[in-house]
Amino acid sequence: MGVGYGGNTFFAPSLTYKESASFTQIGGAFVLDLLSNDALGKGFDSALFQISLNSIVIDSQSFTDLASAEAFFSNNLIDVPLFAGPNTVQLAFSETMSSAGGFSFDYAVASDVSGVPGPIAGAGLPGLILASGGLLGWWRRRHKIA
């Protein structure tokens, strides 16, 4: 995510750019990895980064200088706690620039929807007894034929 501004201060002294990305997942785990960033020129004035879960902001970071934004968007792993059932995770980034330049960051998401498996029919002690009885019967028939 990111923007670049050509820097025409005659018409607009500053511009704010907004970007977002949404992900939908049913349960499981969701991890956001902020990998790296790239800055160009001196156009960075401020930025706001938010993570929302089901339309509720769960993490909000604001930046008033380029150094703090560069530190945050470099090798930062964020775990997003999901609820059981459907979840929508939204990343929102807005940046205000007043002169030529730009700022962007790379990210990756990892998710796991496997969760914990439910009970399997026949598992536990009754299933073990039936399986052992079947194995013993098979073994006896095999020895009887031989």
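Structure notes:
- Residue-count net charge about Thr64 - beta-carbon cut-off 12 Å; Lys, Arg +1, Asp, Glu -1: -3
- For a label point 7 Å along the Cα-to-beta-carbon line of Phe23, residues of the range 62-83 with backbone N under 18 Å: 73-83
- Within-15-Å neighbourhood charge of Ala29 [Cβ basis; K, R +1; D, E -1]: -3
- The range 58-67 - phi-based ³J(HN,Hα) in whole Hz, Karplus 6.51/-1.76/1.60, Gly and Pro as x: 10, 8, 9, 10, 10, 10, 10, 9, 5, 4
- Within the range 33-89, the chymotrypsin sites (Phe, Trp or Tyr not before Pro) that combine a DSSP coil assignment with at most 14 other C-beta atoms in a 10 angstrom radius are Phe83.
- Net charge over other residues, Cβ less than 14 angstrom from the Cβ of Leu15 (K, R count +1; D, E count -1): -2
- What the Cβ-Cβ distance of Ser99 and Asn75 gives, at R0 = 25 Å and to the nearest 0.05, is a FRET efficiency of 0.35.
Every number here is computed from the coordinates shown, using simple stated rules; none is lab data. Since the structure is predicted, the reported quantities are computational estimates derived from the model, not experimental observations. Backbone-built Cβ (ideal geometry, glycine too); neighbour counts: all protein chains shown.
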